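K.L.:
First the structure, then my questions, so here it is.
The numbers here are math on the coordinates, done by the rules we state, and not lab data. Owing to the predicted nature of the structure, the values given are computational and were not obtained by experimental measurement. Ideal geometry is used to build each Cβ from the backbone, glycine not excepted, and the neighbour counts take in all protein chains shown.
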Amino acid sequence: MPEDNAKKPIDKTRRAAILATVGIVVILGLAVFAVAVVVPLRQTHRVVCEFALSDRDSGPAEPALRRLGGPERARSRLLLYLRLPRSMKTDRVNAICLLGYCGPVTAPDLARFLGDADEYVRRAAVGWLGQFGPKAREAVPSLVELLGNARETVRANAAEVLGGIGPDAKEAVSALVKALSDAKPGVRYHAAGALIRIGSTTKEAVPALVKMLGDEAWPMRFCAARTLGEIGPEAKEAVPALENLLKDAQRDVRKIAAWALGRIGPEAEAAVPALRKALEDERDFVRAAAAEALKKIRAPAPAPSETPAPEK
């Protein structure tokens, strides 16, 4: 019994020592966390807020990035800052703007913000990706994924950015063809435009494009006809619908329909009577497009040529 009583003070001393050690470790951990995370985040917030108040025309990005340790380090710090909860009142829009100044290497990061709940954040991301153009090719997989987003604007923005990337976005063609059947006209419009700019129009897109030729909005009809013309002879099933557009109320639609029929070439022979009638159109540029189409339908399929733009 005396021995048991002697052990109790020793156990208490040991327990106290353990607790003290744990306390020291926790305090040190918190100190390290504060130095490694909290302080840099506070500094990042300060830099972002000052950047927001600066005159953009005077080139404020370079000093701001320098204060964050240069473009490479600034990128990681800004991404950490953007992960903070919205309740912390972070300036996410200007953080995105500053992130873009870190260069095209941030394209995949910016693409993720196209699906953000904040419309202004999405706009800032779209603006930068649009400026990067082909240099944003690393973002293509993320953009393809966003074509299936629940928000219409997100899907439309993703298609628009893919078009801006151009031929380097060829892996997105299948997803863009699928987007031609989207329920929202804005998404369909940007998907068709993206296929043209990527330069990889495909026969798979023809059925959806033919459907678009009957859209109520004339820019949709124009864009669909233009894309079908880019596809060329493989779009022959669109000939009847394009022939109908030669009587469209919108002059630019009539012109692009004639151009598309010419691009399809001899496969569009059934449209010859309608094209001959279009030679009497009230607009000289429609008559010229019809005359050119008739020449090409009687000749081999045309070589790639510049697409006619809408008349002003």
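K.L.:
So what's region 128-189 giving for Cα Rg divided by 2.2 N^0.38 Å, two decimals? Present the calculation step by step, with values, prior to reporting the outcome.
P.N.:
Numbers: Rg = 10.5 Å, N = 62, 2.2 N^0.38 = 10.6 Å.
Cα-based Rg divided by the globular estimate yields 1.00.
K.L.:
Is region 62-113 best put as rounded, prolate or oblate by its Cα gyration tensor, with a ≥ b ≥ c the root eigenvalues, rounded for a/c under 1.5, and otherwise prolate when a/b is larger than b/c, oblate when not?
P.N.:
Numbers: a/c = 1.97, a/b = 1.29, b/c = 1.52.
The shape class here is oblate.
K.L.:
Rounded to the nearest 0.05, what FRET efficiency do Glu237 and Arg151 have when you use their Cβ-Cβ distance and R0 = 41 Å? Write down the numbers at each step before the final one.
P.N.:
Numbers: r = 33 Å, r/R0 = 0.80.
Plugging the Cβ-Cβ distance into 1/(1 + (r/R0)^6) gives 0.80.
K.L.:
Students often check this: by mean Cβ neighbours within 10 Å, which of 158-166, 243-251 ranks highest, and how do the rest follow? Let's see the in-between values first.
P.N.:
Details: 158-166: 25.9, 243-251: 16.8.
Listed from highest to lowest mean packing, they are 158-166, 243-251.
K.L.:
Next up: What list of ³J(HN,Hα) couplings, whole Hz, do you get for region 190-199 from phi and the Karplus terms 6.51, -1.76, 1.60, once you set θ to phi - 60° and write x for glycine and proline?
P.N.:
5, 5, 5, x, 5, 4, 5, 5, 6, x
K.L.:
For region 131-200 and region 93-127, what is the separation of their Cα centres, given in Å?
P.N.:
Distance between centres, Cα-based: 17 Å.
K.L.:
Between Arg86 and Glu280, what's the calculated FRET efficiency when r is the beta-carbon distance and R0 is 51 Å? Round to 0.05. Write out the running numbers ahead of the final one.
P.N.:
Numbers: r = 62 Å, r/R0 = 1.22.
Using R0 = 51 Å, I get an efficiency of 0.25.
K.L.:
For a footprinting-style exposure proxy, rank Met212, Met220 by other Cβ within 10 Å, fewest first. Walk me through the numbers on the way to the answer.
P.N.:
Details: Met212 26, Met220 19.
Ascending Cβ contact count within 10 Å gives the list Met220, Met212.
K.L.:
While we're here: Output ³J(HN,Hα) for region 282-296: one whole-Hz value per residue in order, computed from phi by the Karplus curve 6.51 cos²θ - 1.76 cosθ + 1.60 with θ = phi - 60°, and x for Gly and Pro.
P.N.:
5, 9, 5, 6, 6, 4, 5, 5, 5, 4, 5, 5, 4, 4, 6
K.L.:
Can you compute the equivalent ellipsoid semi-axes for region 208-312, i.e. the square root of 5 times each eigenvalue of the Cα gyration tensor, sorted largest first and rounded to whole Å? Could the numbers behind the result be given before it?
P.N.:
Working: eigenvalues 59, 49, 30 Å².
Each semi-axis is √(5λ); the values are 17, 16, 12 Å.
K.L.:
Could I ask something else about it? Stretched out fully, how many nm does the piece from Glu216 to Ala117 gain, at 0.36 nm a residue minus the Cα gap?
P.N.:
Working: separation 99, 0.36 × 99 = 35.64 nm, distance 3.03 nm.
32.6 nm is the gain from fully extending Glu216 to Ala117.
K.L.:
Under 17 Å from a point 7 Å along the Cα-to-Cβ line of Asp168: which residues of region 139-153 have their amide N that close?
P.N.:
139-144
K.L.:
Could you tell me which of the pairs Lys255/Lys296; Lys203/Lys247; Lys170/Lys211; Lys184/Lys211; Lys170/Lys255; Lys178/Lys255 are separated by over 20 angstrom between their Cα atoms in the structure shown?
P.N.:
Working: Lys255/Lys296 15 Å; Lys203/Lys247 25 Å; Lys170/Lys211 23 Å; Lys184/Lys211 13 Å; Lys170/Lys255 29 Å; Lys178/Lys255 27 Å.
Pairs exceeding the cut-off: Lys203/Lys247; Lys170/Lys211; Lys170/Lys255; Lys178/Lys255.
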